[in-house]
Structures are given as C-alpha cells and as structure tokens.
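What follows is a set of notes on a single structure, which appears directly below.
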Amino acid sequence: MGQAIVDAAAVLGFDPFDPTFRADPYRGYPPPGRLVRTDAGLWVTSSYALCEHALRDPSFGHGLGDEGETWRQGPRQRSFLTMDPPDHTRLRRLVSKAFTPRLVERLRPRVTALVDELLDAAAGARTDLIAALAYPLPVIVISELLGVPAADRDRFKDWSEALARGLDPDFLLPESEIVRREAARAEFNAYFRALAAERRASPRDDLLSALVAVSDGGDALTEEELLATCVLLLVAGHETTVNLIGNGALALLRNPAQLALFRSQPDAAPAAIEELLRYDPPVQFTLRTAVVDTELGGTPLPKGSFVLLLNGMANRDPSVFAEPDRLDLTRYAGGSAARHLSFGQGIHYCLGAPLARLEGQVALSKLFERNVTMAAGPVTYRDNLVLRGLESLHVDLSA
Ligand code: HEM
C-alpha cells in the first residue's frame, strides 16, 4: 500500500470519488455490521461496537517503525495524533497542561464578538457562509490562542489546506498532493521555529509561550515536538471546526422543523451541537494498525493489519441509535443517547473538543438569530475524504 492506488474502491470497499457518494456518503459506506476485508487487504468496519472497541483497545495503534511507515510514504514528522504510548502519553500530558478547558472557556466573549463581527460584515446580501463565517472563525480563534500575529494568518491558508488534504491515506493521494503536503510542513516548521524563538526570548500570554515553557517533573517539549504540536493544533483547529459550522448549518437549513426547534430553545444548543456532530461529522474515519497479533469482533488480525474505522457511519449504527438517519436535536437532551464517535474515543479523544463545541454553539446560535435562506443551486464538497466539508454554502442573510 506504499504507492498511490487509483482504484480507491478496491482498496476501501466503497467509492469515495463517486459524486453520489460525496452528496450522501452514509448510503455509500458499508453498512454497520461485521468487519470486512477489501480486495486490497484493508480491514474496514462501520459497526459502532467495533469502532469504539478498536479506539479503546491498546492492541490497535499507529505502529512505530515498520508497519506504520507503509501507511504514510517516506519520512514524516509525527505529532502525537499518530503516536502510541508511551510517547503519546508523555506529549499529550505536556500539551494538556498548557491547553486547558479553563483557557478555552475564557474565550467565550471573544468568540461571540468575532461571530457578530463576521455576520455583520456579511449580512444584507447573498453570501457564502463558508467564506464569511465557518472558515475565518476557527482560523482567527486558534491563531489568537496560539499567539500568531494577525498579519501572518493569510499565509497559512494554503499550507493548512495542503496538510488537511494530506490527512487522507497516502495511497489515495496523487503524488503531487504528497509533495505539496511535505512542502507545507517545511514552511510551517520554519515559521513556528522563528515564532517560538521570539516567545522564548520574550514570553507573552499565549499558548505558544505556554508550550515553550511547559514542564512536568523536569520533562519538556523538544524543539521538534513543539513544532509538530503547533502545526497539529493549527491544522486541527482550522480544518475541522469549519466543517462543524458548515455541515451543521446545512443540516439545519435542510430540516426546517429542527431549525425552528433550535431557534426556540437557545439553552438546548449544546445538545443540538452533539446531534449535529453525530449526524454529519467533520472527521469521517480514522485508521489504526494492529500493533500486536489481536482480534476484532472475533476476527483474528495479525500484527501489522490496517483497520479503517468508519466512525461517521458508526454514528448511524441502528443497533445503537434509534432512527439514525433522522436529525433529532432532542436526541442528546436527556443524556441517555450513546456518545457519538465524531471526536474519536479512548486515548486520542479530541483534545480540542471543548473549543470546537464552544465555536460551534456560538456560531450556529448567532447565525440563526438572523433570517437565513439557502440559495438555490447544487451543494459542493471539498475533495478531502477524511474531512467532510462544503466548498461553499450560499445563503441570503438578513442584517
Ligand atoms: C468539530 C471540530 C473537531 C472535530 C470533529 C475533531 C475530531 C477529532 C478526532 C476524530 C480526533 C481523533 C482522531 C483519531 O483518533 O485518529 C481528534 C484528535 C485531536 N484533535 Fe480534534 N477535532 C475538532 C476540533 C479540534 C480543535 C479545535 C482542536 C485544537 C485546537 C483539535 C485538536 C485535536 C488534537 C490535538 C487531537 C489529537 C489528540 C490525541 O492524539 O491525543 N481538534 N480530533
């Protein structure tokens, strides 16, 4: 699986490039059920129980060295997103010390002001919600949090896009995308190396300064680890939350009764966001490697087996969620629905979940305080496979 393979359907067991798949992937993925093996030898599952199990079971990881390298081509910088314990444990603990939920909650007034500003600027005319709100909000928030100067933000768009597309399995990427990804990584590293040096010399009240200074019983981040973490936070902060806002807005616009409910119960926004995350998640799947000989759902898997966990489809497993294809904003109101897998599960559970939830809640609540009507025309998606999000979403927005 080292080289880019053109026949994605043979590798994956579904055809991600079919236009009908992109419009509604939940009809194209293998239905929740057993673990299946594709023609190319990849194991795939969309069963909630199996996805959740594999995310929590330490026999499944990313595999350092031999097996891991065949998943990504050539040498690459790893962030802790794709590390196994004990390296993952050590780095996640250090970063968590700097990136706390308290720090995130302090951002609420700033996020609210930003959303108002962005909506005011766009209101009164036909507008693309992705360009006007969903994309800029997370970029500004994560940049301000990290301490990236506003003037530099625009430089990141291409680099970040290249890295986000590069999250897709290498064997589904054209060679040009892999080259673009590695070039973007080098530019990001050079940028953050210089900025980290500035913060080391004169610290400020920002996350980058906190990461530079973080220590835990004599342990600290090395320069390489610091750079990989900055890039991870920036890309994860950039390229996922945009899709929570975009996919969430589209789901509500297409379901007027649910939109009316959303508008009538502002206090229920946190539960509504959970359902929007379940219904059409920004991160569709993740990959794991069997790091020892193991089994999944009774199927023996030798060390080195790759397993594709279709978390987005597992969120629609009818054995776990009643009427899974229905958007039901009250699903999470009582606290009894199963947790969706949209932020993952287990040791890699999304570190940015509190920030993503905050931005999603504020953005969608404020947006739908206004009159918003969807413009006619087709809805198009970006090319990414792991990340699912709209290219644009044209609406008429009242002042
Ligand atoms: C709606 C928005 C978001 C979604 C759907 C999302 C989803 C995810 C998922 C599914 C994972 C686990 C991947 C795996 O197990 O292979 C993950 C990990 C991670 N996310 Fe997010 N994310 C979002 C926003 C953010 C934000 C805003 C940040 C930070 C600013 C962030 C930072 C991270 C980090 C650092 C990890 C790695 C955690 C680890 O490996 O221990 N995410 N995210």
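Site pair Ala260 and Lys303 shows an inter-label distance of 6.0 nm when each label is modelled 7 Å from Cα along Cα→Cβ. Per-peptide packing, taken as the mean over residues of other Cβ atoms within 10 Å, places 276-284, 319-327 in the sequence 276-284, 319-327 from highest down. Using Cβ point charges alone (K and R +1, D and E -1), the dipole size of the chain about the Cα centre works out to roughly 700 debye.
Scanning residues 5 or more positions from Arg78 or on other chains, none has an amide H under 5 Å from its amide H, with H placed 1.01 Å from N in the peptide plane.
Do you know the relative contact order of the chain, to the nearest whole percent, from alpha carbon pairs under 8 angstrom that are 6+ apart?
26
Annotation for region 68-176: trypsin sites (Lys or Arg not before Pro) lying in DSSP loop with at most 14 further Cβ atoms inside 10 Å of their Cβ are Arg106. Over all other residues within a Cβ to Cβ distance under 12 Å of Asp205, the charged ones net out to +1, with Lys and Arg as +1 and Asp and Glu as -1.
Calculated [222 nm] ellipticity per residue, helices only, for the chain: -13500 deg cm²/dmol; basis is -39500 (n - 2.57) per DSSP H run with n ≥ 4, divided by all residues, nearest 500. Dipole magnitude for region 338-399: about 220 debye, using +1 per Lys or Arg Cβ and -1 per Asp or Glu Cβ, origin at the Cα centre.
Run the numbers for Arg339 and Asn371: contour at 0.36 nm per residue of separation, minus the present Cα-Cα distance, in nm.
On the way: separation 32, 0.36 × 32 = 11.52 nm, distance 3.17 nm.
Separation in residues times 0.36 nm, less the Cα-Cα distance, equals 8.4 nm.
Ranked by the mean number of other Cβ atoms within 10 Å of their residues, highest first, the peptides 42-49, 254-261, 375-382 fall in the order 42-49, 254-261, 375-382. Each of His62, His340 was scored by other Cβ atoms within 10 Å of its Cβ. Arranged with the fewest first, they read His62, His340. Cβ crowding within 10 Å, taken as a proxy for footprinting-reagent exposure, orders Cys350, Cys51 from fewest neighbours to most as Cys350, Cys51. Evaluating 6.51 cos²θ - 1.76 cosθ + 1.60 at θ = phi - 60° for every residue in region 156-171, the Karplus couplings come out as 7, 3, 5, 4, 5, 4, 5, 6, 5, 4, x, 6, 5, x, 4, 6 Hz, glycine and proline recorded as x. Scanning residues 5 or more positions from Phe321 or on other chains, none has an amide H under 5 Å from its amide H, with H placed 1.01 Å from N in the peptide plane.
State which stretch of the chain is the longest one without any exposed GluC sites (Glu not before Pro), exposure meaning a DSSP loop state and at most 15 other Cβ atoms within 10 Å. Walk me through the numbers on the way to the answer.
On the way: sites that count: Glu369, Glu391.
Free of exposed loop sites, the longest segment is 1-368.
The share of Cα pairs per 20 Å bin across region 8-397, counted from zero up to the longest distance, runs 27, 60, 13 percent.
For Thr294, nonlocal amide neighbours, meaning residues 5 or more places apart or on other chains whose placed amide H falls under 5 Å from its own, are Leu301, Lys303. Remark: spin-label model distance Ala131-Glu175 equals 3.4 nm, labels positioned 7 Å along the Cα→Cβ axis.
Laboratory data are not the source of any read-out in this text; all were calculated from the coordinates shown. Since we're looking at a predicted model, the values are computed, not measured. Every residue, glycine among them, receives a Cβ derived from its backbone with ideal geometry; neighbour counts consider all protein chains shown.
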